[in-house]
1. Given the conditions (1) assigned to a loop (DSSP other than H, G, I, E, B); (2) among the aromatic types (F, W, Y); (3) under 21 Å from the mean Cα position of the chain (by Cα), report the number of the one that F36 does not fulfil.
2. Does region 35-54 hold any residues that are touching a strand residue (DSSP E or B) at 6+ places or on another chain (Cβ under 9 Å) and either surrounded by 13 or more Cβ atoms within 10 Å (Cβ to Cβ) or over 21 Å from M12 (Cα atoms) (or both), and which are they?
3. If you check F3 against the conditions, is it in contact with a helix residue (DSSP H, G or I) (Cβ under 8 Å, 6 or more places away or on another chain), of a type outside the set (V, I, T) and either assigned to a loop (DSSP other than H, G, I, E, B) or surrounded by 10 or more Cβ atoms within 10 Å (Cβ to Cβ) (or both)?
4. Which residues, taken from region 7-32, are among the basic types (K, R) and either at pLDDT below 95 or within 18 Å of G85 (Cβ to Cβ) (or both)?
5. Might you let me know whether region 64-71 holds any residue that is small (G, A, S), surrounded by 10 or more Cβ atoms within 10 Å (Cβ to Cβ) and either modelled with pLDDT of 95 or more or under 14 Å from the mean Cα position of the chain (by Cα) (or both)?
Amino acid sequence: MPFKRASCRVEMDYFLRGSFLRGTVESGCTEVRTRFEVESKAPPEAIRHVIRMAKKGCFAENMIQAAVPLKSSIRLNGEPLAIEGIG
């Protein structure tokens with residue numbers, strides 16, 4: 001498929017609030033946006049197909065859309081360190 005130019009811009013709205021020192025720190029993301037810019041002589045339906053497949057194959061987009069388990073392991077001086085309340 002002939003592409004003259006293609007780009008993708010990703011923007012997100014995030015927040016960080018609270019205090020690290022007081023133990024109230026909190027962060028999150030309220031929205032993620034992608035903007036595709038394509039220059040091509042290919043028909044629009046062909047471009048739609050490419051974009052659909054790219055989005056379906058994007059690990060980052062899929063992880064954002066459907067939460068996945070997060071597992072963390074911490075080691076202190078080579079030994080496991082358990083911390084309550086974290087995944």
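The values are calculated or read from the model by the stated rules, or taken from the named source; none is laboratory data. Keep in mind that what you see is a predicted model, and the values were worked out from it rather than measured. For neighbour counting, all protein chains shown are included, and Cβ atoms are generated from backbone atoms with ideal geometry for every residue, glycine included.
1. (1)
2. F36, V38, E39, S40, I47, V50, I51, A54 - these are the residues of region 35-54 that are touching a strand residue (DSSP E or B) at 6+ places or on another chain (Cβ under 9 Å) and either surrounded by 13 or more Cβ atoms within 10 Å (Cβ to Cβ) or over 21 Å from M12 (Cα atoms) (or both).
3. no
4. R22, the sole residue that qualifies.
5. Checking region 64-71: not a single residue is small (G, A, S), surrounded by 10 or more Cβ atoms within 10 Å (Cβ to Cβ) and either modelled with pLDDT of 95 or more or under 14 Å from the mean Cα position of the chain (by Cα) (or both).
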